[in-house]
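Input: a single structure, listed below in structure tokens.
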């Protein structure tokens with residue numbers, strides 16, 4: 001019995017670590033006189049006293065778990081609680097892994113960036129957009145280049161035209177200090 005308590009404490013710590021998993025009462029924690037009982041094969045066994053339900057679960061060497069505490073009488077199911085927690089844990093892991101991690105990738109250039117270098121940067125930008133990331137294009141002004149704002153806008157326009165088949169413009173070119181930024185996101 002002591003090892004069962006230790007195992008239960010271990011499983012409780014697992015379930016506490018997953019906030020989505022709901023807190024279920026198990027075996028001795030169930031404090032109602034009668035319950036609606038469901039078997040391992042998901043068959044309804046009817047309304048039973050809590051002692052009979054616990055005895056049935058013990059005979060099958062499984063746990064009695066309260067699955068619907070707000071029902072009248074509460075619904076309990078005979079199941080392996082450890083396997084149930086394991087399934088919940090795996091479902092949560094699968095949900096987390098399927099969530100897309102949205103990152104903003106960036107490319108940097110200047111007014112002196114030549115056409116071949118722009119082609120290389122556009123190729124890299126296509127790769128980022130194909131992976132589903134947003135793209136931040138930053139053109140950095142150095143020294144007196146700030147006075148040639150029209151050339152910078154023309155360079156941004158070249159990049160916008162080169163990527164228009166795979167990206168849409170979220171933020172038009174915008175000046176911030178010695179930088180000119182434009183944000184692109186992939187087309188769906």
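The values are calculated or read from the model by the stated rules, or taken from the named source; none is laboratory data. Bear in mind that the values here come from a model prediction, so they are computed numbers and not experimental data. Positions of Cβ are generated from backbone atoms using ideal geometry, with glycine treated the same way; all protein chains shown enter the neighbour counts.
Observations
- Every listed requirement among (1) outside any helix (DSSP H, G or I); (2) surrounded by 10 or more Cβ atoms within 10 Å (Cβ to Cβ); (3) at pLDDT below 80 is met by residue 20 save one, (2).
- Scanning the stretch 69-87 for residues that are buried (at least 17 other Cβ atoms within 10 Å of the Cβ) and either in a helix (DSSP H, G or I) or in the same structural domain as residue 135 (by TED's automatic domain parsing) (or both) turns up 81, 84, 85.
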